[in-house]
Amino acid sequence: MITLITGGSKCGKSRLAENLLEHFAGPKIYVATMQPFGVEASAAIDRHRRLRAGKGFDTVEKYTDLHELSLPDNCGVLLECIGNLCANEMFRSQSVSYPAERIAESIIRLGRTAAEFVAVTNQVGCDGISYEQGTADYIRQLGIINSLVASEADRVIECVYGVPVMLKGVLPC
């Protein structure tokens, strides 16, 4: 079961994702993609660690090359978040790469391997503002990833002010 959760900044996506895996009986893996660059990133990482404390997640830090990750049988996975993963891949060297298809394929493969797979992403291309080329490329790549994963997902949920809005599938009871 693949679930994609999208929404704006600080709208409750992480809490919703954790709640979807709250009663999962098998091993739970949290795939962390945010690199601890600077004070703001470190604060966000600490906040997410506090949020999932005591919820039974084993954390795997995987900033790039998601295709290298293998999962144990019958596990539940929370991937947080696709936006960081995309940026890490695109800007990890002097030349910008375009990793959308590779990242989407990796997410879909892992999603089909796990018993329950929840991926968190961001909506970053809806504001209509014109950006510099690198940022515009990032927005485009993230949009491609989100579209490809959503097409394969069993559920797509937009989190709006903490309220889950079903775009595809059915929210579990």
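Within the range 48-61, the set of residues being part of a loop (DSSP other than H, G, I, E, B) and not hydrophobic (A, V, I, L, M, F, W, C) comprises Gly54, Lys55, Gly56. Is the range 35-47 home to any residue that is hydroxyl-bearing (Ser, Thr, Tyr), within 17 Å of the chain's Cα centre (by Cα) and in a helix (DSSP H, G or I)? No: the range 35-47 contains no residue that is hydroxyl-bearing (Ser, Thr, Tyr), within 17 Å of the chain's Cα centre (by Cα) and in a helix (DSSP H, G or I). When the range 31-64 is limited to residues that are within 28 Å of Glu105 (Cβ to Cβ) and of a type in the set (Gly, Ala, Ser), the one that is surrounded by the most Cβ atoms within 10 Å (Cβ to Cβ) turns out to be Ala32.
Just to be sure before I move on: is Val149 part of a strand (DSSP E or B), crowded, with 20+ Cβ neighbours inside 10 Å, out of contact with any Cys (no Cβ under 7 Å at 6 or more places or on another chain) and not polar (S, T, N, Q) in the structure I sent?
Spelling it out, it is not the case that Val149 is part of a strand (DSSP E or B), crowded, with 20+ Cβ neighbours inside 10 Å, out of contact with any Cys (no Cβ under 7 Å at 6 or more places or on another chain) and not polar (S, T, N, Q).
In the condition set (1) aliphatic (A, V, I, L, M); (2) out of contact with any Lys or Arg (no Cβ under 8 Å at 6 or more places or on another chain); (3) closer than 24 Å to Arg15 by Cα, Ala150 is compliant with all but (2). Among the residues making up the range 65-91, those that are surrounded by 16 or more Cβ atoms within 10 Å (Cβ to Cβ) and outside any helix (DSSP H, G or I) are Leu69, Leu71, Cys75, Gly76, Val77, Leu78, Leu79, Glu80, Cys81. Counting only residues that are in a helix (DSSP H, G or I) and either buried (at least 19 other Cβ atoms within 10 Å of the Cβ) or not aliphatic (A, V, I, L, M) (or both), the range 97-124 holds 13 of them.
Any residue in the range 1-23 that is farther than 14 Å from Thr121 by Cβ, assigned to a helix (DSSP H, G or I), touching a residue at least 40 places away in the same chain (Cβ under 8 Å) and among the basic types (Lys, Arg)? So far as the range 1-23 goes, yes, one or more of its residues are farther than 14 Å from Thr121 by Cβ, assigned to a helix (DSSP H, G or I), touching a residue at least 40 places away in the same chain (Cβ under 8 Å) and among the basic types (Lys, Arg).
Of all residues in the range 123-163, those satisfying the criterion of being within 23 Å of Ile107 (Cβ to Cβ) and of a type in the set (Ser, Thr, Tyr) are Thr135, Tyr138, Ser147, Ser151. Considering the conditions (1) surrounded by 13 or more Cβ atoms within 10 Å (Cβ to Cβ); (2) at pLDDT below 95; (3) of a type in the set (D, E, K, R), Asp127 is excluded by exactly one of them, (1).
The values are calculated or read from the model by the stated rules, or taken from the named source; none is laboratory data. As the structure is a computational prediction, the values presented were derived from the model and not from experiment. Cβ coordinates were reconstructed from backbone atoms using ideal geometry, including for glycine residues, and neighbour counts include every protein chain displayed.
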